[in-house]
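Worksheet for the structure shown next.
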Amino acid sequence: MAFKPSAIKEQKQATSRLQTETSELKRKASEELVTLEEEKIYREGVVSIRDLVAPSAFRVESSFVQLGDAFCRTLFITAYPRYISIGWASPVINLSVTMDLAMFFYPVKSAVILKQLKNKVGALEAQINADTEKGAPRDPIRETALRDIEQLRDNLTQGTEHFFQFCFYATIYARKKEELDQTTEDIENIFGGKLIMTRKVLYQSEQGYNSTLPLCNDELYVAFNMNSSPIAASFPFISAELTSDDGILYGINRHNNSLILFERFSLQNANMVVFATSGAGKSYAIKLEILRTMMMGVDVIVIDPEMEYKHLSDAVGGTYVNISLSSEAKINPFDLPRPMGMEISTEDVIRGAVITVKGLLRIMLGGLTVEQDAIIDRALIETYAKKDITPDADLATVKPPIMQDLVEILEGMQGSEELVLKLQKYTEGTFSGLFNSPTNVDMKNQLVIYSVRDLEDELRPIAIYTIVNYIWNVVRSERKKRILVIDEAWWLMMHEDSARFIYALVKRCRKYYLGVTTITQDVNDFLKSQYGQAIVTNSALQLLLRQSPASIDLIQKVFVLTDSEKYLLLESGVGEGIFFAGRKHAAIKVVASYTEDQIVTTNPEQLLAIEKAKKEFVAENK
């Protein structure tokens, strides 16, 4: 068989093309394989969301699960009392503990429940009738159960109630096993106090943990039969209510827009602390409280370091006392209280006055040696005796000594030369116009404000100490509902004697119907003092407005705030923060009416506009 040359040539060309195409296909397949391998390697190096949230290690024990460095345990509820109150889970939810909560609701058809309830009613009635025929005493438990079942049957039939199987799980987290055990015990005690029985998972710790993950998988299925009403009471997200029948308006509850109305004298004490940064609205909030408290008939006394309360005093007709070296207003640190009845002896009054004045002198003189302390103690007793102030004296008629009298006594005592030299600055020198005169201040007005703005920084702690001591003497002389506001209280925390004095005042003032409001913006200086923390502990009301990042960690520790509350204080606007009243607290926004705002504002622009309006009004009426 012979082939034509042209046919052989075509066959060779076809074979060549086939080989070329095969070679090209092999090359492309090889490239695709390399690409797939490279993509596989790339994917292995990409961090997915699952990689980010997954723990580094996972260990399952009989009663807990360890996720990396954290320990977690699941609790479930096995029994409820006959009645549960609304928000029964709030004490646990509001604990400063990291936890996950899960609730599962399994609807049950009413027809199934009605059939079972009918059978249960028949059994209970039969038991009750049998006991009656036998003459046995009535069983209150069976009778109560019968009434409850009949009521539930009526509600289910009428459609006002529905029936569910309800599961409640809580997974708590801790850094240490001991901490996990303690938190578990705390939660069990809280629930146990409400007659709610709980149990820890046992050999189902992984299933318990999975049941509280946001996957909607119930791997425990520990259910309790429950109708709609108690299930509605189990709703976990409720906000604290601080609304009472009497008291004044402090602000708006930012959780639910309810009013925060409170009477500070209804708590175990009427003391209050206010912490905020400069410009956060602390003076504005306190001036609003003063204005509203005065309408309730309460007397208010204010120590004003920056003349911020002058406008308020003018608006309500208060007494504004400017304490300075050149002012006519004088306060004598040697003043004595006039005791009410026989509840305190004259000897104790004199002894207390000696201790208080000695604390003032220690601040004025920059401390005392042991020898100087003994000399001052003896000199003060002799100074009061010089004015016939002895244990047998009538304090209602005596005239207290002044600083000059003390210096004269010291001049006649051996070893007091240095003390006399230092004190002459306050009797004959630069500061002689401050503490060397009898008291001439009038305290009979409903609002009395003491301004120390014009005093040098060196004299401010001394002056505030003296003013507070004078106010304390007046308070002890006449029992009356009063509030004392100490603005920029950190001045008093600078010295141990003044800090101790304020702490003693805060502890004792409740007996004399006095509430002390302590305001400061230097939170670190205040809270690092042992007396500052004690003042916070003895203050039933606390107002925290916007805080600085430098002090927020200390604030969180002292007030046991959650992380969300911590960030709320960092990001709050003017007049926004957290209001504590006893064990309750809520996010607050301080609000004022237009008229109140014009009276209490500290905004320089608003104050200038008000002053301008006053001048124009006066000019028009001339």
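Derivation of every value follows stated rules applied to the coordinates shown; laboratory data play no part. Just so it is clear, the model here is predicted, and its values are computed rather than measured. FYI the Cβ positions are ideal-geometry reconstructions off the backbone, even for glycines, and counts take in every protein chain you see.
So if I take the centroid of the Cα atoms in segment 484-543 and the same for segment 426-462, what is the distance between those two points in Å? Between the Cα centre of segment 484-543 and that of segment 426-462, the gap is 21 Å. Considering only Pro438, Gln424, Val112, the residue lying farthest towards the positive end of the dipole of the chain is Val112, judged by Cα position with unit charges set on Cβ.
Based on Cα contacts under 8 Å between residues 6+ apart, the chain shows a relative contact order of 16 percent. When each of the peptides 580-586, 556-562 is scored by how many other beta carbons lie within 10 Å of its residues on average, the order from highest to lowest is 580-586, 556-562. Across segment 89-101, rounded Karplus estimates of 3J(HN,Hα) from the backbone phi angles (6.51 cos²θ - 1.76 cosθ + 1.60, θ = phi - 60°) give 8, 4, x, 7, 4, 7, 5, 7, 9, 6, 8, 10, 10 Hz, Gly and Pro being marked x. Can you bin every Cα-Cα distance in the chain into 10 Å intervals starting at zero and give me the percent of pairs per bin, rounded to whole numbers? Pair shares across the bins are 3, 12, 16, 16, 13, 11, 10, 7, 5, 3, 2, 1, 1, 1, 0, 0.
About the centre of its Cα atoms, the chain shows a dipole size close to 2000 debye [charges on the beta carbon of Lys, Arg (+1) and Asp, Glu (-1) only; nearest 20 debye].
Extension gain, Ala54-Ser548: 0.36 nm per intervening residue step, less the Cα-Cα distance, totals 174.4 nm.
A protection proxy built from the mean count of other Cβ atoms within 10 Å ranks the segments 416-422, 368-374, most packed first, as 416-422, 368-374. Specify the angular offset, from 0 to 90 degrees and rounded to the nearest 10, of the alpha carbon long axis of helix 140-158 from the longest principal axis of the alpha carbons in the chain. Here the helix axis deviates by roughly 70 degrees.
How much net charge surrounds Ala329 when only other residues with a Cβ under 12 Å from its Cβ are counted (Lys, Arg +1; Asp, Glu -1)?
Local charge sum for Ala329: -2.
So how tilted is helix 496-508 from the main axis of the chain? Cα-based, degrees 0 to 90, rounded to 10. Once rounded, the angle reads 80 degrees. For segment 534-539, putting each phi into the Karplus relation 6.51 cos²θ - 1.76 cosθ + 1.60 with θ = phi - 60° gives couplings of 5, 5, 4, 4, 9, 10 Hz, in residue order, rounded to whole numbers and with x for Gly and Pro.
If you average 1/r over all unlike Cα pairs in segment 541-613 and invert the result, what Kirkwood radius do you get in angstrom?
14.0
Here the gap between Glu418 and Ser266, fully extended at 0.36 nm per residue and compared with their Cα-Cα distance, gives a gain of 49.7 nm.
Would you mind computing the Rg to Rh ratio of segment 332-438 from its alpha-carbon coordinates, Kirkwood style for Rh?
A ratio of 0.97.
For segment 103-157, a crude dipole built from +1 on the beta carbon of Lys and Arg and -1 on the beta carbon of Asp and Glu, taken about the Cα centre, is about 240 debye to the nearest 20.
Note on the chain: dipole from Cβ charges, positive end direction compared against Met494, Thr183, Gly68; the farthest Cα belongs to Gly68.
Given a Förster distance of 35 Å, report the FRET efficiency between Leu67 and Leu570 from their Cβ-Cβ distance, rounded to the nearest 0.05.
Working: r = 29 Å, r/R0 = 0.83.
Efficiency at R0 = 35 Å is approximately 0.75.
Quick one: compute the contact order of segment 58-233, relative version, from alpha carbon pairs under 8 angstrom and 6+ residues apart, as a percent. Reported as a whole number, the value is 43 percent.
Note on the chain: dipole from Cβ charges, positive end direction compared against Ala126, Phe617, Ala550; the farthest Cα belongs to Ala126. Here the chain carries DSSP beta bridges of which approximately 65% are antiparallel, counting only pairs with both residues inside. Evaluating 6.51 cos²θ - 1.76 cosθ + 1.60 at θ = phi - 60° for every residue in segment 378-392, the Karplus couplings come out as 5, 5, 5, 4, 5, 5, 5, 5, 4, 9, 6, 9, 10, x, 9 Hz, glycine and proline recorded as x. In the chain, the DSSP-assigned H stretches of four residues or longer account for a calculated mean residue ellipticity at 222 nm of -15000 deg cm²/dmol, using -39500 (n - 2.57) per stretch and the full residue count as denominator. Taking the longest Cα principal axis of the chain as reference, the axis of helix 460-477 is set at about 80 degrees.
Taking a ≥ b ≥ c as the square roots of the eigenvalues of the alpha carbon gyration tensor, segment 105-197 is oblate, as a/c is not under 1.5 and a/b does not beat b/c.
Placing one equal scatterer on every Cα of segment 388-534 and applying the Debye formula, the log10 ratio I(q)/I(0) at q = 0.11, 0.12, 0.13 Å⁻¹ is -0.53, -0.64, -0.75. For segment 226-304, chymotrypsin sites (Phe, Trp or Tyr not before Pro) meeting the loop criterion (DSSP other than H, G, I, E, B) and having at most 12 other Cβ atoms within 10 Å: Phe237.
Calculated over segment 58-233, the projected area of the Cα convex hull averaged across directions stands at 12.3 nm².
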